[in-house]
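We did not get these values from a lab; they are worked out from the coordinates using the rules stated. Bear in mind that the values here come from a model prediction, so they are computed numbers and not experimental data. Neighbour counts are summed over all protein chains in view; Cβ atoms, including those assigned to glycine, are modelled from backbone coordinates with ideal geometry.
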């Protein structure tokens, strides 16, 4: 059974700092991996999608990498801003492409 | 462009009452559809997914059920709510080929 773990559970940084969020998964037979952002009381917003054949994806200040063989992904946030404060969730899709399994998330707080 | 609508946004129901949450997707056809639940302090739990009209897969045995009466409509139901059904329910859709998931704004259910 696929399990997704995110470390750390919470992170506080000053504005301007570069940071890395970690995600690990137990079964490397995945279809894709997706990073989401969730603001309190809101739905999830898709940030980056990495297909199983890809190694990384970039969007603005965000860069996500995928190492399937080791079962790991990282989300790199450059020059963090207070508006980046949110919970970041990692999810992997099974090879049938029918269901995502989520980690519990990393709650990020960026102080000005 | 594609949009996903979910309602009601907030619901307070007594134990033993029925439940119906609705979700519709616009701007695409034959999407995969999902219901997730996010309980306080826990990760997102996949409840149901559907790859087509009338095709429902259940991930967790419980007193909830799902139906897909139309291509872009997904309904989550219960005949008798339990206290443990309280949580944040999220509907989502994806394209079958990429598997990228897009979420609605969620429905917060409180069972008293």
> Mind checking the mean number of beta-carbon atoms from other chains within 10 Å of the Cβ atoms in A:74-80?
Replying inline: 0
> Hey, can you rank A:56-64, A:81-89 by average C-beta count inside 10 Å, highest first?
Replying inline: A:81-89, A:56-64
> Using all Cα-Cα distances in region A:41-90, what percent lands in each 5 angstrom bin from 0 up to the longest?
Replying inline: 5, 18, 28, 24, 16, 8, 2
>> How long are the semi-axes of the equivalent ellipsoid of the protein assembly as shown, taking √(5λ) for every eigenvalue λ of the Cα gyration tensor, in whole Å from largest down?
In response: 29, 21, 16
> Which value in nm describes the separation of the simple spin-label points at residue A:7 and residue A:20, placed 7 Å from the Cα toward the beta carbon?
Replying inline: 1.2
>> Using a 10 Å cut-off around each Cβ of peptide B:42-48, what is the average number of partner chain Cβ atoms that fall inside?
In response: 4
> Between region A:23-39 and region A:66-112, what is the C-alpha centre distance in whole Å?
Replying inline: 7
> residue B:67 versus residue A:51, label points 7 Å from Cα toward the beta carbon: distance in nm?
Replying inline: 3.8
> When DSSP assigns beta bridges and you keep just the ones with both residues in the protein assembly as shown, what percent turn out antiparallel, to the nearest 5?
Replying inline: 90
> What is the packing order of peptides B:41-50, B:90-99, A:11-20, taking the mean over residues of other C-beta atoms within 10 Å and listing the highest first?
Replying inline: B:90-99, B:41-50, A:11-20
> How many angstrom lie between the C-alpha centres of region B:56-112 and region B:1-34?
Replying inline: 7
> For A:33-43, what's the mean count of beta carbons from other chains sitting within 10 Å of each residue's beta carbon?
Replying inline: 4
> Direction-averaged shadow area of the convex hull around the Cα atoms of region A:27-112, nm²?
Replying inline: 5.8
>> Can I get the semi-axes of chain B's equivalent ellipsoid? Compute them from the C-alpha gyration tensor as square roots of 5 times the eigenvalues, in angstrom, largest first.
In response: 23, 14, 13
